[in-house]
Amino acid sequence: MGEFVGIDPLGAEKLIREMEAGKNILGRTRPGLEAAITQAGEGWTGQGGAAGMHRVWAFFHESQQDLKWRIDTIQRIVPTQQKGMLTGTFTFGSVAEAAEAAKLDASAITAALKHHNQFLSGQSWAGVEKALAALKGRTDDPGYSAALLTALGPTTFQKLLRDWMNTQAAGARRGLTPDRLKRAGESSPGLLSRIFATAESSGRLGNEWQKMIETAPSDILTTLVALAPQSGTFLNRVASNLLNRPPNSDTFPTDPNWNLHNLAKAYESNPEAFRRLLAEHPNEAGVMLDAYTIRSSGVPAYEETLARALHGALKPGAGADDMRERAWITVINSIGSEHTWWVGGGIGTFANSPISRVLAQDITPILDKLARGQAVRNSPNVPYLEPREPWDKLNPTVSARFLGALMQDYTAADTLKKAGSDYMKQLDMGRYHPFDPNSYAREAHVNLAERTGALTNLLLAGSTYAEWSDDEHAERMAGFLLMPVDFISNKYLPVDSALVSTGKDKGIDDVKDTMKNLITDYFDKKTPDTARSVAGTLVNEQVEWLNRSLRENGQKALTASETAMMRDAMEGRIHDALLDALERRGG
């Protein structure tokens, strides 16, 4: 029967710190006292000398170790974020008792494995499994776990996992498949993985176990991280090492790569670790996000699992803002890089991509960062547009390719358009009139309008990389062009009745059809107009529709000079991207 324990981890940790302070005082006092006693010699009249100080220091030290063991154990037994008293039943009464039991179990496991090495039979392996069964109920004790692994050593530990795979999962040469992973979790590899997680996360393993990451086969490492929630530090070290190994370092590189899937699965369960990998290891993260890696893994579930892991790491509000933003930059740079195969590669489009859909879903909080980067490129002399660090280092061309990669999936493209419209509503550039007599209001309008125009610019630029049909391309281009205009009309045109609302919506649909037809005619070579003249006509359509709508709804129309200024502003914000989109598609 175990020992029932109740402990407040925060209070116990405070006591450990106080005892450490006491040890420091004793440590500083002891040399002086010992020197004084030596100098006094026979004249020393004190009782016990420095021996009492030694005993107090040892008491503090041993108590610290015992408390630390109890804290680590109770937090493994009761995995919770609650504060205050935690209770649980300990298998062992002390860390020394746990370590002694671990040594006996390790000796029995080693003997059974030696016997199996002689006979290599099902019966001999059953003896190993029987010895390993002693680990049940003991995997949450860090003292026991560390002592067991120390006694076994990394070589024997790996051999236990390898022999299970050879006997229970023959042919799984690039990681365990889900069904075999399930069987492993219910057998000795599951016990060994939990033992390792308990010992490693408590910091009780020596350097030889850290070196194991560099030398262990990939499937051993991915089995460890898949079967038990390892520490984020260990998981990221495993990922960094595996993703830096040569692409064909596996003995059987043509088999489905379940190692990648199992690594992504581990990150799905540990979004904080994945967020840190994305933010701090861009090269390694780039391997996981590489289009060729995704499509050549031979495991369709890899892309789906990776998408869920990305959502956990990048969704709005996940983790610290600075870490999440740095993670986003890695994703954007990886997918939107100059040499990316996400767009224009030889492996087909990424239609129906769960990764594209989840990134488009989670992108809203960073749209302003992307828009500011493009706005500075469009209008470098307009103040207060500059993105802050680290976004100021992001190339808008890379941002456009990234958006274009996502837009190859129709659902993701629609999500991006809605996110863009929501962004413009949030900015609410109509708060300030472009021709307000107050200079601050005019400056504020220009700033907001530059950012909305910049996002339209990015979406247009991204659309050049999306592999749509001509009709789809024209439809989406017209939709992107009308996003700022549609918002302005909603701001300045009062909607007092269903009739007015319906008329305004019909007006938007009509102008969209007109713009779409202009684009389609150009693509189909039904017009002699150049891309530049078509782009100019499209900009004119926006301004003319806005002015016409103002008049039809009883609002003050723009003057000729105001119309010209609005046209020039709109053209400056989107013309280059619009021209490029027309030329790339219709050239």
**OP:** Alpha carbons only, please: Rg and Dmax for the range 351-424, in angstrom.
**Re:** 12.9, 41
**OP:** Mind pulling up the Rg/Rh value for the range 196-237? Radius of gyration and Kirkwood radius, both on Cα.
**Re:** 0.91
**OP:** Mind ranking S187, S124 by accessible surface for me, highest first, 1.4 Å probe?
**Re:** S187, S124
Subject >> Proximal lysines relative to K103, as straight alpha-carbon distance under 28 Å, when same-chain residues fewer than 8 apart are discounted >> reply: K68, K114, K130, K136, K159, K211
**OP:** Work the Kirkwood hydrodynamic radius out for the range 157-197: mean of 1/r over every pair of different alpha-carbon atoms, inverted, in Å.
**Re:** 10.2
Original post:
Which net charge results for the neighbourhood of I574, defined as the other residues with beta-carbon distances under 13 angstrom from its beta-carbon, given Lys and Arg at +1 and Asp and Glu at -1?
Top reply: -2
**OP:** Taking all pairs of distinct Cα atoms, average 1/r, flip it, and tell me the Kirkwood hydrodynamic radius of the range 113-241 in Å to one decimal place.
**Re:** 14.8
Original post:
If you rank I37, I195, I25 by how much accessible surface each has, with a 1.4 Å probe, what is the order from largest down?
Top reply: I25, I37, I195
**OP:** Considering only protein heavy atoms, with the full assembly of protein chains and a 1.4 angstrom probe, order R295, R585 by accessible area, largest first.
**Re:** R295, R585
**OP:** Determine the sum of side-chain charges near P365: Lys and Arg each +1, Asp and Glu each -1, restricted to other residues whose C-beta is under 10 angstrom from that of P365.
**Re:** -1
**OP:** Send over a whole-number figure in Å² for the accessible area per residue of the range 167-254, probe 1.4 Å.
**Re:** 42
**OP:** Determine one quarter of the surface area of the Cα convex hull of the range 266-388, which equals its mean projected area, and express it in nm² to one decimal.
**Re:** 8.2
Original post:
Under a Cβ-Cβ cut-off of 11 Å, what is the net charge of the residues other than I294 that fall near it, where Lys and Arg count +1 and Asp and Glu count -1?
Top reply: -2
Original post:
How about K512: which lysines have a C-alpha closer than 22 Å to its C-alpha, ignoring those fewer than 8 places off in the same chain?
Top reply: K417, K418, K425, K491, K504, K525, K526
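The values are calculated or read from the model by the stated rules, or taken from the named source; none is laboratory data. Since the structure is predicted, the reported quantities are computational estimates derived from the model, not experimental observations. Virtual Cβ from ideal backbone geometry, glycine too; neighbours counted across all protein chains shown. We work out accessible area using only protein heavy atoms, side chains counted, and drop any ligands, DNA or RNA first. Shrake-Rupley method; radii C 1.70, N 1.55, O 1.52, S 1.80 Å.
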